[in-house]
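**Q** Before I ask anything, let me first share the structure, which is written out below as C-alpha cells.
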Amino acid sequence: MPTDTLPNPEKNPPAENSGELIRLEQVTKRFGDNTVLDHLDFSVDAGKHVTLIGPSGSGKTTILRLLMTLLKPDEGRITVDGQQLFPASDKEVREVRKQIGMVFQQFNLFPNMTVLRNITEAPVTVLGLSRDEAVERARELLDMVGLAEKADAHPAQLSGGQQQRVAIARALAMRPKVLLLDEVTSALDPELVAGVLDLLRDIARSTDITMLCVTHEMNFARDISDQVLMFDSGRVIEAGTPEKIFSEPEHDRTREFLSAVL
Ligand code: ADP
C-alpha cells in the first residue's frame with residue numbers, strides 16, 4: 001500500500017507525539033426525555049484504535065455523531081487534538097472537523113458524482129487542494145483500496161463492498177487524524193464483509209491514524225483494538241484490552257452481551 005497516501009506522522013504529527021487526541025468530558029445528550037449519554041467521560045490517545053461495543057441503543061453511534069458534529073451535546077465539553085469542538089464557534093468547528101473522517105453504515109456517497117469526484121470534492125473545497133493534486137491523491141487511494149479501474153463509475157454501478165471502499169478512500173483523502181467507523185459492514189452482503197474488514201486492518205496496521213469504531217464484528221474488534229469500551233445505557237461499564245474484555249470480562253452485562261454475539 002502506498003504509504004504517502006495515508007496520514008503521515010511527519011506531515012501530520014499526533015498531538016504532542018502521544019497523549020489524548022479525543023476527549024469527552026461530562027457529555028450529556030438527550031433526545032426528548034431519553035437521556036442517551038449521561039455525563040460521559042472518556043478519551044482516546046493519539047494513534048490508538050478504540051472500539052465501542054455494547055447492546056443496540058446504548059449510545060455508541062451517538063458518540064460518533066457528536067464527534068462528527070452531526071449532533072450537539074446538551075452539556076459537557078468535547079476536544080479533539082487540543083481544539084475545542086463543543087462548545088465552539090462555527091469557525092472553530094470547521095477547523096476541528098478537518099481532522100476527523102467518518103465512514104458510515106450506508107456509505108453515503110454522492111450518487112450523482114463519479115467515484116473520483118466523490119473522493120476529490122472535499123480536498124478541493126475544504127482543504128483547498130488543486131484539482132490535479134486532489135486527483136493524484138484520489139488515484140493513489142483508489143489503488144490502495146483496489147478500485148483503480150472504477151474511478152469513472154458512479155456509486156450505483158458498484159457493489160456495496162466497493163462503495164464502502166470508496167467511502168473509506170474518501171475519508172482518508174482528507175488525511176484526517178481520526179477515523180470514525182460506524183458499523184461499516186452492517187449493510188453489506190455477508191460475502192463482502194471480509195474484504196472491507198481486511199482493508200481496515202491494513203489501514204490500522206500501516207498508519208498512525210487514530211480510530212474509533214462501533215462494530216458488531218467481534219473478531220475485527222479483537223484484531224485491531226488497543227482498547228475496547230463496553231457500553232450499556234450510555235455509560236462505559238468496562239474498558240480494557242481486547243484480551244481482557246473478550247477473555248476475562250468482569251462485568252455480568254459484558255459477559256451476557258458477549259455470549260449473545262460471539
Ligand atoms: P447504538 O449505536 O448503541 O445502537 P445509538 O447511539 O444509535 O445507540 O442510540 C442511542 C439511543 O438514542 C437510542 O435509544 C436511540 O433510539 C436514540 N436516538 C438516536 N438518535 C436519535 C434521534 N435522532 N432522535 C431520537 N432518538 C435518537
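Coordinate-derived values only; no laboratory data. Small disclaimer: the values here were computed from a predicted structure and weren't measured. Here the Cβ is made from the backbone with ideal geometry for all residues, glycine too, and neighbour counts use every protein chain on show.
**Q** Given an 8 Å cut-off on Cα distances and at least 6 residues of separation, report the relative contact order of the range 19-102 as a percent. Write out the running numbers ahead of the final one.
**A** Details: 133 pairs, mean separation 25.7, N = 84.
It comes to 31 percent, rounded to a whole number.
**Q** If contacts are Cα pairs under 8 angstrom and at least 6 residues apart, what is the relative contact order of the range 76-171 in percent?
**A** 30 percent
**Q** If you don't mind, another one. To check you understand DSSP bridge types, tell me what percent of the beta bridges within the chain (both residues inside) are antiparallel, rounded to 5.
**A** Values: 21 of 38 bridges.
Among the beta bridges of the chain, antiparallel pairing accounts for roughly 55 percent.
**Q** So who's got an amide H within less than 5 Å of the one on F86, skipping anything under 5 residues away but keeping other chains? H placed 1.01 Å off N, in plane.
**A** I78
**Q** Provide, as a two-decimal number, the C-alpha radius of gyration of the chain over 2.2 N^0.38 Å, N being how many residues it has.
**A** 0.99
**Q** As a footprinting exposure proxy, order H154, H49 by other Cβ within 10 Å, with the fewest listed first.
**A** H154, H49
**Q** Please compute the length gained on full extension between S259 and N219, using 0.36 nm multiplied by the number of residues separating them and subtracting their Cα-Cα distance.
**A** 13.0 nm
**Q** If you take the charge dipole of the range 16-172 about its Cα centre, with +1 on Lys and Arg Cβ and -1 on Asp and Glu Cβ, which of F104, L70, G160 is farthest toward its positive end?
**A** The residue sitting farthest along the positive end of the dipole is G160.
**Q** Kindly state, to the nearest 0.05, the FRET efficiency for R205 paired with K244, given R0 = 25 Å and r defined as their beta-carbon distance.
**A** 0.75
**Q** Another question, if that's okay. On alpha carbon coordinates alone, what is the Rg over Rh value for the range 143-193, Rh being the Kirkwood radius?
**A** Result for the range 143-193 is an Rg/Rh of 0.96.
**Q** Moving on. Quickly rank 123-133, 157-167 as a protection proxy: mean count of other C-beta atoms within 10 Å, highest first. Each step should come with its number before you reach the end.
**A** On the way: 123-133: 13.1, 157-167: 21.0.
In descending order of packing, they fall as 157-167, 123-133.
**Q** Residues of the range 21-38 with the amide nitrogen closer than 17 Å to a label point 7 Å from the Cα of V236, along Cα-to-Cβ, please.
**A** It comes to 21-29, 37-38, nothing else.
**Q** Another question about this same structure. Specify, per residue and in Å³, the volume enclosed by the convex hull of the alpha carbon atoms belonging to the range 23-136.
**A** Taking the convex hull of the Cα positions in the range 23-136, it is 144 Å³ per residue.
**Q** What size of dipole, in debye to the nearest 20, comes out for the chain about its Cα centre when the only charges are +1 on Lys and Arg C-beta atoms and -1 on Asp and Glu C-beta atoms?
**A** On the way: 29 positive and 40 negative charges, 127 e Å.
Computed charge dipole of the chain: roughly 620 debye.
**Q** Can you tell me which of K244, K48, K60 moves the most in a GNM of the chain? Springs connect C-alpha atoms under 10 Å apart.
**A** In this elastic network of the chain, the residue with the biggest mean-square fluctuation among K244, K48, K60 is K244.
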